[in-house]
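Visitor: Have a look at this one.
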Amino acid sequence: MAWFTRQKPSLEGEPPKDGEKSVRTEGLWQKCEKCGQIIWRKTVEENLQTCPKCGHHFRISAAERLQQLFDEGTYITYDANLRSSDPLHFVDSKPYSQRLTDMRNATQLPDAVICASGLLNGRPVQICALELKFIGGSMGAVVGEKITRAIERCITEKSPLVVVSASGGARMQEGAISLMQLAKVSAALVRLQEAALPYISLLTDPTTGGVTASFAMLGDLNIAEPDALIGFAGPRVIEQTIRQKLPEGFQRSEFLLEHGFLDAVVKRTELKNYISNALNFLLS
Ligand SMILES: [Zn+2]
């Protein structure tokens with residue numbers, strides 16, 4: 001993201017003034033994919049990767065999410081050594097083992113979730129964030145096991161759990177084993193509930209399939225970012241099955257809130273304080 005200007009642009013979130021000579025501004029500006037406006041990248045960063053003009057929430061990585069939620073952006077990660085054993089020796093357009101290696105190299109992550117502990121407004125919490133760029137944030141044995149272990153740490157340390165979902169669902173390359181993770185994580189969440197510890201599920205764009213069908217919808221509070229795609233099956237499959245046209249905004253956060261599937265839709269800039277207040281309430 002290199003940029004060069006003859007006159008130094010202001011870095012206080014202000015775009016350079018007219019008449020300021022700039023040679024190259026590449027990387028300083030970005031186009032909003034929703035409203036199409038050209039926006040000052042620094043302003044987008046200050047707004048936690050949301051558009052200052054239309055409020056569009058850009059997708060962010062699991063690591064960025066954890067940095068935004070944990071105090072001073074610092075946290076401890078767990079179980080980075082867990083690897084899928086490719087139990088089916090699955091091959092689609094390429095062998096699953098190769099796909100995993102490629103994904104690890106591309107994302108620098110061992111699998112599609114980062115489970116971490118740290119402080120959120122001074123309170124110890126465990127946060128698991130799914131990484132959409134790792135095979136669509138899909139849940140295989142490693143994701144299921146890591147989230148289960150995070151829940152067990154919550155029980156041991158008497159701390160609340162936050163899971164940030166961004167996922168296409170179960171990982172088809174692991175077949176039935178990935179489906180078993182739905183039950184495994186759900187059973188662990190029952191133990192968390194028995195220990196009277198709160199769980200907040202944050203659904204982000206997109207959260208679908210087996211993740212929606214399990215832990216993403218099992219929070220004491222299920223909250224979502226604005227305009228996130230949330231569903232089980234995709235809209236085309238549903239339309240073909242029920243032979244009806246789906247209403248406008250179907251499977252978006254606001255629609256789901258209106259129909260009672262979500263407890264709140266919360267802007268990213270307000271998320272940390274919202275979660276903090278909710279935990280105060282749930283633990284009081
Ligand atoms: Zn915009």
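The values are calculated or read from the model by the stated rules, or taken from the named source; none is laboratory data. Just so we're clear, the structure is a prediction, and the values are computed from it rather than from any experiment. Neighbour counts run over all protein chains shown; Cβ positions are idealised from the backbone, glycine included. All accessible areas refer to the heavy atoms of the entire protein, side chains included, with ligands and DNA or RNA removed. Shrake-Rupley method; radii C 1.70, N 1.55, O 1.52, S 1.80 Å.
Visitor: Give me the extension gain from LEU28 to LYS94: residue separation times 0.36 nm, minus the current Cα-Cα distance, reported in nm with one decimal.
Guide: 20.0 nm
Visitor: Using the Cα centre of segment 183-262 as origin and beta-carbon charges of +1 (Lys, Arg) and -1 (Asp, Glu), tell me which of LEU203, VAL185, PHE250 is placed farthest towards the positive end of the dipole.
Guide: Towards the positive end, the residue furthest out is VAL185.
Visitor: Please identify every one of the trypsin sites (Lys or Arg not before Pro) in segment 93-162 that sits in a loop by DSSP and has no more than 12 other beta carbons within 10 Å of its own beta carbon.
Guide: LYS158
Visitor: Rg and Dmax of segment 107-242, using alpha carbons, in Å: what are they?
Guide: So, for segment 107-242, Rg and Dmax equal 14.5, 49 Å respectively.
Visitor: Leaving ligands, DNA and RNA out of it, rank HIS57, HIS259, HIS89 by accessible area with a 1.4 Å probe, largest first.
Guide: HIS89, HIS259, HIS57
Visitor: By DSSP, what percent of the beta bridges with both residues in the chain are antiparallel, rounded to the nearest 5?
Guide: 45
Visitor: Let a ≥ b ≥ c be the square roots of the eigenvalues of the Cα gyration tensor of segment 182-284; is it rounded (a/c under 1.5), or, if not, prolate (a/b larger than b/c) or oblate?
Guide: Oblate is the answer for segment 182-284, as a/c is 1.5 or above yet b/c matches or exceeds a/b.
Visitor: Still on this structure: Translational D (Stokes-Einstein, µm²/s) of segment 137-199 at 10 °C and 1.306 mPa s when Rh comes from the Kirkwood sum over C-alpha pairs?
Guide: Values: Rh = 12.0 Å.
After rounding, the answer is 133 µm²/s.
Visitor: Could you check the spin-label model distance between GLU258 and LYS53? Points 7 Å from the Cα along Cα→Cβ, value in nm.
Guide: According to this spin-label approximation, the distance is 2.6 nm.
Visitor: Something else: If the only charges are +1 at each Lys and Arg Cβ and -1 at each Asp and Glu Cβ, what is the size of the charge dipole of segment 162-284 around the Cα centre, to the nearest 20 debye?
Guide: So the dipole magnitude of segment 162-284 works out to roughly 280 debye.
Visitor: Provide the packing ranking of 42-55, 72-85, i.e. peptides ordered by the mean count of other C-beta atoms within 10 Å per residue, highest first.
Guide: Packing proxy ranking, top to bottom: 42-55, 72-85.
Visitor: Also, I was wondering about something else. May I ask you to list the trypsin sites (Lys or Arg not before Pro) in segment 226-284 that are in a DSSP loop and have at most 16 other Cβ atoms within 10 Å of their Cβ?
Guide: On the way: sites: ARG236, ARG243, LYS245, ARG252, LYS267, ARG268, LYS272; in loops: ARG243, LYS245, LYS267.
Listed in order of number, the matching sites are ARG243, LYS245, LYS267.
Visitor: Can you tally the net charge around SER159? Count Lys and Arg as +1, Asp and Glu as -1, for every other residue whose Cβ sits under 11 Å from the Cβ of SER159. Present the calculation step by step, with values, prior to reporting the outcome.
Guide: On the way: positive: ARG123, ARG153, LYS158; negative: GLU157.
Local charge sum for SER159: +2.
Visitor: Only Cα pairs within less than 10 Å get springs; with that Gaussian network setup on the chain, which residue of SER253, SER97, SER178 has the largest fluctuation?
Guide: Fluctuation is largest for SER97.
Visitor: Highest mean first, how do 136-145, 59-68 rank when packing is the count of other Cβ atoms within 10 Å averaged over residues? Show your work: numbers first, answer last.
Guide: Values: 136-145: 24.6, 59-68: 19.0.
Highest-to-lowest ranking by the protection proxy: 136-145, 59-68.
Visitor: Working out 0.36 nm times the residue gap between LEU283 and LYS133, then minus their Cα-Cα distance, what length gain in nm do you get to one decimal?
Guide: The span from LEU283 to LYS133 would gain 50.6 nm if fully extended.
Visitor: Hey, for a label at ARG191 modelled as a point 7 Å past Cα toward Cβ, could you say which residues of segment 117-132 have their backbone N under 11 Å away?
Guide: none
Visitor: With Cβ to Cβ distances under 13 Å as the rule, what net charge do the other residues near LEU66 carry (K, R +1; D, E -1)?
Guide: Once positives and negatives cancel, what remains is -2.
Visitor: Once both labels are modelled 7 Å past Cα along the beta-carbon direction, what's the PHE250-ASN81 spacing in nm?
Guide: 4.8
Visitor: Step by step: find N for the chain, compute 2.2 N^0.38 Å, then divide the Cα radius of gyration by it. What's the final number?
Guide: Scaled against compact globular proteins, the figure is 1.08.
Visitor: Taking only protein heavy atoms and a 1.4 Å probe, what accessible area per residue, in Å², does segment 94-150 have with all protein chains in place?
Guide: 33
Visitor: Placing unit charges on C-beta atoms (Lys and Arg positive, Asp and Glu negative, everything else neutral), compute the dipole magnitude of the chain about its Cα centre in debye, rounded to 20.
Guide: Details: 32 positive and 32 negative charges, 110 e Å.
About 520 debye.
Visitor: Continuing with the same structure: Which angle between 0 and 90 degrees, to the nearest 10, do you get for helix 141-157 versus the longest principal axis of the chain when only C-alpha atoms count?
Guide: 90
Visitor: Can you send over the carbon and sulfur percentage of the accessible area for segment 31-93, probe radius 1.4 Å, protein chains only?
Guide: 46
Visitor: To the nearest 500 deg cm²/dmol, what mean residue ellipticity at 222 nm is calculated for the chain from DSSP H runs of n ≥ 4 alone, each contributing -39,500 (n - 2.57), summed and divided by the residues?
Guide: -10500 deg cm²/dmol
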